[in-house]
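The values are calculated or read from the model by the stated rules, or taken from the named source; none is laboratory data. Remember, it's a predicted structure, so these values are computed and weren't measured experimentally. Glycine gets a Cβ as well: all are built from the backbone with ideal geometry, and neighbour counts include every protein chain shown.
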Amino acid sequence: MDLDTNQNLQDEGRRLAQLFEKAPVFMAVVKGPSHVFELANDAYYQLIGHRDIIGKALDDALPDVRGQGFDKLLDRVLQTGEPFIGREIAVTVQRKPGAAPEERFVDFVYAPLTEPDGTRSGVIAYGSDVTDHVQARREIERLLAESETANEALQGQQVELELLNQQLQDNAVELEAQTEELQETAADLAMRTVEANLARDAVVASEIQLQTLADAIPTLAWTARPDGFIEWYNARWYEYTGTTPEQMTGWGWQSVHHPDTLPLVLEQWRGAIASGDFFEMTFPLRGGDGEFRRFLTRVVPLRDEKGEIIRWFGTNTDVELERRALDAAEAANRAKTDFLANMSHELRTPLNAIGGYADLLDLGIHGALTDQQREAVTRIRRSERHLLGLINEILNYAKLETGTVQFESARVDLHDTMASAESLVGPQAEAKGIFLTAASCTPSLDVMADAEKLLQIFVNLFSNAIKFTAAGGRVDVDCRKEEAVIHISVRDTGIGVPADKLEAIFNPFVQVRTDLTRPHEGTGLGLAISRELARAMEGELTVTSTLGEGSTFTLTLPLADDTLDSQ
Ligand code: ADP
């Protein structure tokens with residue numbers, strides 16, 4: 001080689017070395033199986049930090065890179081001769097002495113270094129530090145991811161917003177509906193207020209009317225609270241009693257009552273307040289003149305729709321005149337009854353004398369009688385007995401009226417009593433050819449009655465049946481048990497009772513007169529007495545009848561207890 005050539009070669013070598021040193025890519029050459037650094041350019045030193053690596057094996061030169069797999073890669077390239085291309089490979093390296101190791105990313109190639117004889121002596125490593133690029137990309141990715149998350153969140157918020165919006169719209173609709181409803185309610189309320197005012201006016205008007213009316217009537221009237229406290233009296237009350245509202249309010253009314261009747265009035269009034277029941281009573285009230293008059297008092301509770309008492313309404317009607325009239329009528333009736341009782345008693349004595357003297361004449365004590373005289377005496381006797389019968393009946397009735405009749409209630413054999421009555425009226429029935437039987441009644445039935453009075457009733461019913469039944473008719477007696485009572489029916493085929501007289505015939509002295517029947521004997525007292533007797537024995541006497549066909553008189557009586565059990 002000549003000098004020039006040598007010079008040229010040297011120049012070329014320097015240029016190459018400069019190129020190598022200043023190349024923008026990092027480059028290094030390692031040799032041998034332990035990868036001893038032979039060359040490294042500036043860029044490489046920038047990557048690993050400026051330290052002394054030439055002539056040192058990889059492990060010694062870069063102890064901070066140990067264990068990151070680069071030695072293995074180098075071994076493989078050296079052994080196989082296959083280059084290795086790595087992209088964005090992370091390497092943790094201490095770039096300044098004493099500084100913390102830092103992560104860098106590199107793109108690099110490990111290429112085998114082949115000697116002219118074909119043996120592989122080392123590896124050339126070259127590449128570039130792409131840390132900034134990787135970090136930038138990562139940042140972009142992070143940002144992207146972040147923006148995506150943000151986007152998602154935004155979308156979520158959007159959905160939420162939409163929901164909120166929808167909700168708001170719904171609320172708005174509801175609000176509108178409520179507003180409408182409120183408006184309607186307000187209108188309704190206004191209407192009702194008007195109605196209530198009208199109703200109140202009407203109530204006030206009717207109350208005024210009622211008060212005017214209450215003041216106008218001759219009756220004393222008042223109203224009380226549910227607890228009995230009297231809050232209002234009409235004008236007539238004050239007018240009659242001569243009192244003032246101050247004296248009367250609440251329970252002040254007691255001052256116008258008679259001390260004899262006041263306790264009972266208080267008891268009744270308190271009872272009504274406690275039970276809420278209507279109450280009626282007659283008692284005297286003192287007038288302004290100091291005189292007492294009797295008043296019929298009626299007190300009714302006024303209730304609301306729930307049934308609660310809201311007020312008591314009371315009236316006191318002056319019944320003094322009626323009471324006096326009634327007292328007088330009762331006294332008159334008593335006088336009549338007394339008169340009847342006395343009269344009939346007084347009449348019986350001379351009648352008995354008439355009978356006695358007639359008997360003496362009949363017996364011939366005063367000398368023998370001619371046939372005509374005997375006939376006259378017989379008529380006297382018959383009339384006397386008839387009159388005595390009538391008088392006895394009147395006396396009976398008078399006694400019943402005055403309440404002086406004693407009843408002795410006991411077990412009475414129904415069949416026996418009917419048989420006795422039957423035998424008493426037998427001749428009467430026989431005389432008219434009337435068939436009379438009480439046989440269809442249960443023989444062993446016992447009733448609670450006064451035997452004598454019961455017999456009297458049967459005799460009366462039987463004899464009436466015979467009396468008002470034409471010859472050849474029949475009278476039947478039936479018994480029908482019903483729970484604790486027995487109904488005994490006396491049925492005839494007689495003239496019957498007109499429908500409008502069915503009740504009247506039980507009144508004293510009432511007799512039915514028809515054109516078809518001639519006036520009959522009797523007082524019209526039999527049925528009145530019989531019904532009184534039946535009722536006094538806790539029974540009843542009733543009638544059903546068809547005019548022209550017959551009548552059925554039914555006596556109802558309580559059964560004796562063990563009769564009940566045995567039936
Ligand atoms: P008296 O028989 O004395 O008239 P009563 O009080 O027994 O009195 O009867 C009152 C009236 O009832 C009788 O006058 C008669 O008109 C009517 N009466 C009573 N029983 C019968 C009967 N069985 N059939 C038709 N009328 C009767």
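Of the residues making up region 341-355, those that are free of Cβ contacts under 8 Å to residues at least 60 places away in the same chain and surrounded by 11 or more Cβ atoms within 10 Å (Cβ to Cβ) are 342, 343, 344, 345, 346, 347, 348, 351, 352, 353, 354, 355.
For region 271-289, state whether one or more residues are closer than 24 Å to residue 216 by Cβ and in a helix (DSSP H, G or I). No, that holds for no residue. Starting from residues that are in contact (Cβ under 8 Å) with a residue 60 or more places away in the chain and assigned to a loop (DSSP other than H, G, I, E, B), keep the ones in region 484-517 and report whichever is nearest to residue 400 (Cα to Cα). If we take residues in region 484-517 being in contact (Cβ under 8 Å) with a residue 60 or more places away in the chain and assigned to a loop (DSSP other than H, G, I, E, B), then 508 is nearest to residue 400 (Cα to Cα).
Out of the residues in region 495-530 that are within 8 Å of the ligand (Cβ to nearest atom) and basic (Lys, Arg), state the one that is modelled with the lowest pLDDT. Ranking the candidates gives 513 first.
Selection over region 464-483 of residues that are outside any loop (DSSP other than H, G, I, E, B) and touching a strand residue (DSSP E or B) at 6+ places or on another chain (Cβ under 6 Å) gives a count of 8. Here residue 212 fulfils each of the conditions (1) without any contact (Cβ under 8 Å) to a residue 24 or more places away in the chain; (2) within 34 Å of the chain's Cα centre (by Cα) apart from (2).
Yes/no per residue for (1) touching a residue at least 60 places away in the same chain (Cβ under 8 Å); (2) of a type in the set (Gly, Ala, Ser); (3) surrounded by 12 or more Cβ atoms within 10 Å (Cβ to Cβ); (4) farther than 22 Å from residue 46 by Cβ:
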position	(1), (2), (3), (4)
116	no, no, no, yes
120	no, no, yes, yes
126	yes, no, yes, no
132	no, no, no, no
136	no, yes, no, no
142	no, no, no, yes
145	no, yes, no, yes
153	no, yes, no, yes
160	no, no, no, yes
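Determine whether region 446-469 contains at least one residue that is among the aromatic types (Phe, Trp, Tyr), within 25 Å of residue 409 (Cα to Cα), more than 9 Å from the ligand (Cβ to nearest atom) and over 49 Å from the mean Cα position of the chain (by Cα). Yes; the residues of region 446-469 include at least one that is among the aromatic types (Phe, Trp, Tyr), within 25 Å of residue 409 (Cα to Cα), more than 9 Å from the ligand (Cβ to nearest atom) and over 49 Å from the mean Cα position of the chain (by Cα).
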